Structure formats: structure tokens, C-alpha cells
Amino acid sequence: MWWLLAFLSAAFLGCYDSFKKMSLKENAVLPVLFLNTVFCALIFSPWLATTGWGGWEVQRFILLKSVIVLSSWIAGYFALKHLPLTIVGPINATRPVLVLLGAVFLFGERLNLLQSIGVGFAFVAFYMLGRSGKKEGIDFTHNKWIFWLIVSVLMGAASGLYDKFLMSPTRLGMEKMQVLSWYSLYQSIMMLVVLIFIWRPIRATSTPFKWRWSIPLISMSLCAADYAYMQALSQPEALIAVVSMIRRGSVLVSFAIGAFILKEKNLRSKAVDLVLLLISMLFLFLGSK
């Protein structure tokens with residue numbers, strides 16, 4: 001049953017990226033992100049009472065988590081609005097590689113042979129994605145939205161490493177739902193401030209906001225993906241390395257939607273890049289068993 005939940009989580013994650021792309025097309029980024037944080041906070045609000053406050057000693061760490069995740073989301077939303085989903089999805093999928101490298105430098109972990117091969121394939125895939133992007137006029141070395149996307153991925157990787165610090169039993173040992181519920185609340189408050197003081201004064205001269213029904217689906221798919229992931233890991237026989245590998249398959253869902261629904265271009269070369277990335281993930285998975 002746990003492997004089915006892992007596949008569900010991957011499917012919802014792929015839909016999450018796709019709903020973001022649909023919502024952001026010719027739309028104002030910050031209001032869409034604000035609504036996403038509000039809907040997430042509402043979905044996770046029942047856990048605020050059950051997990052408790054925990055005092056400032058706990059909340060200060062969750063507040064920092066909120067800043068890291070929100071920074072990743074802001075950069076990622078702006079990048080996704082201006083870049084093809086078939087480029088963004090594979091680059092986002094390199095996040096486990098960065099987490100693994102971060103664990104090497106920050107926590108003293110060592111890469112085995114299979115993991116090293118996986119990292120090598122990931123770098124080749126990233127280089128090939130750069131070549132595919134040039135066919136659409138996207139220069140990885142000079143395109144500011146690629147820079148924003150890389151910032152998003154780096155901040156996302158930092159969030160993953162910080163999660164290890166927050167929730168590892170040998171470190172702070174926080175409960176995941178406590179972190180999820182409180183940082184979702186903090187993010188919605190932060191985005192309200194951003195909306196009032198940054199977007200509102202310039203909204204007349206920037207892209208107008210348009211309500212779309214895909215906007216609440218962003219939050220619903222993200223929360224569903226996280227819930228299925230946690231339910232999978234809660235089963236005693238679940239293998240975390242397998243679950244994590246399956247979740248990375250979300251890129252296949254977003255790539256398919258970008259190809260068949262959004263009708264994006266240069267799919268053949270991007271498909272080769274995606275295969276290289278999946279090979280990278282396979283080696284990382286085998287090396288983590």
C-alpha cells in the first residue's frame with residue numbers, strides 16, 4: 001500500500017507544478033502565491049491546535065523555515081511564469097542532487113560510487129537542458145529567469161537540509177505536521193505583507209491579477225502530495241529511499257502535461273535530457289539503499 005501512496009504523491013506533485021503554470025500564464029505572480037499560502041494555511045489549520053505552540057524556542061526555527069520556503073516559492077513562481085514547464089520540471093528534479101551534495105559538505109556524509117555516478121548524470125542532464133533551452137531562445141548563462149529558477153532550487157535544497165535539522169530525532173526532533181501547519185500560517189502572513197506593501201502600490205502598472213480555478217488546485221495538490229507522502233512513510237514496511245525515488249517521478253507528470261496539454265516545443269531533445277535525469281535519480285536511489 002505504501003508504494004501506491006508514493007505514486008499518488010508523485011502524481012499530485014506533477015499536477016502541482018502544472019496548476020502553477022496554468023495559473024501564472026499572463027497573470028500577476030504575487031497574488032497567486034498569496035492565495036496559495038492562504039489555502040495551504042487553511043488546509044493545515046486543524047493541526048495548529050493539536051500540535052501546540054511550543055514556545056518561541058520552537059517557533060523561531062519554524063519561522064526561519066517559512067522564510068526559506070517562501071523565498072524558494074517566490075523565485076520559482078516568477079521563473080515558472082516565464083519559462084516552459086518542460087524546462088522547469090527537470091531542473092526542479094535536480095533538487096535531491098543538491099540536497100545530497102549539501103549533506104556531504106554540511107553533515108559530513110560521503111557519496112558512494114553509485115551516488116557519485118548519479119551526480120555525474122545529473123550534471124550532464126543539466127548541461128543538455130541548457131542546449132535544449134537555446135533552441136527556444138533561452139540562454140542558461142544570461143537568462144534571468146533561469147537564474148531565478150536556480151535560486152529557487154537552491155533554496156528548496158536548503159529547505160530539505162534544514163528539515164533534516166528540524167525533524168531528525170538526533171537533532172531538534174520536531175513533528176512534521178507541527179512544522180507544516182505553523183510555517184504555512186507564517187507564510188500567508190508574510191505574503192499578505194508583501195501584497196500590501198510591494199504589489200499593491202505597483203499593481204496598476206504591472207500584470208493584472210485574474211482569478212482562475214486552477215489557483216486553489218495548486219494548494220490542494222500540494223497538500224495532497226505531502227499527505228500521501230507522510231502516510232506512505234508512516235507504514236512500517238515503507239522504504240524511504242524508494243518513496244523518495246518514486247516522488248521524483250512527478251517530473252514525468254508535469255512533462256507530459258507540458259507536452260500534450262500546454263503544447264510546448266522541442267520535446268524530443270528535452271525528452272533525452274529527462275531520461276538522463278531519471279538515470280541520475282536511479283543511481284542515487286540504488287546508492288541510497
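Using packing as a proxy for protection, rank 31-44, 76-89 so that the peptide with the highest average count of other Cβ atoms within 10 Å comes first.
Those peptides, ordered most packed to least, come out 76-89, 31-44.
Computed per residue of the chain from DSSP H runs no shorter than four, each worth -39500 (n - 2.57), the mean residue ellipticity at 222 nm is -25500 deg cm²/dmol. Take every Cα pair under 8 Å whose residues are at least 6 apart in sequence, average their separation, divide by the length of the chain, and the relative contact order is 46 percent. Computed packing ranks the peptides 201-214, 135-148, 246-259, 156-169 as 246-259, 156-169, 135-148, 201-214, most packed first, by mean other Cβ atoms within 10 Å. At each listed q (0.13, 0.16 Å⁻¹), what is the log10 of I(q)/I(0) that the Debye formula gives for the chain modelled as equal alpha-carbon point scatterers? Results for the chain at q = 0.13, 0.16 Å⁻¹ read -0.94, -1.46.
In this structure the amide hydrogen of residue 54, modeled in the peptide plane, comes within under 5 Å of no amide hydrogen from residues 5 or more places off or on another chain.
Of the DSSP H helices in the chain, those with a Cα length along their own long axis of 20 Å or more and a mean Kyte-Doolittle hydropathy reaching -1.0 comprise 2-24, 29-44, 56-82, 113-134, 144-167, 176-194, 214-233, 267-288. Placing R0 at 41 angstrom, the Cβ-Cβ distance between residue 210 and residue 272 gives a FRET efficiency of 0.70 after rounding to 0.05. Per residue, the Cα convex hull of the stretch 133-289 amounts to 181 Å³.
Normalised Debye scattering of the stretch 34-85 at q = 0.13, 0.17, 0.18, 0.22 Å⁻¹ gives log10 I(q)/I(0) of -0.45, -0.69, -0.75, -0.96, counting only Cα atoms as equal scatterers and leaving out solvent. Computed from point charges on the beta carbon alone (+1 for Lys and Arg, -1 for Asp and Glu), the dipole magnitude for the chain about its Cα centre is near 700 Debye. Distance check, please: which entries in 135/164; 65/135; 65/265; 21/65; 65/263 exceed 29 angstrom between their Cα atoms? Checking Cα-Cα distances, 135/164; 65/135; 65/265; 65/263 exceed 29 Å. Working value for the stretch 23-121: equivalent-ellipsoid semi-axes of 29, 25, 11 Å, each the square root of 5 times a Cα gyration tensor eigenvalue, largest first.
Read-outs: derived from the displayed coordinates by stated rules, not from any lab. Nothing here was measured: the structure is a model prediction, and the numbers come from that model. Glycine gets a Cβ as well: all are built from the backbone with ideal geometry, and neighbour counts include every protein chain shown.
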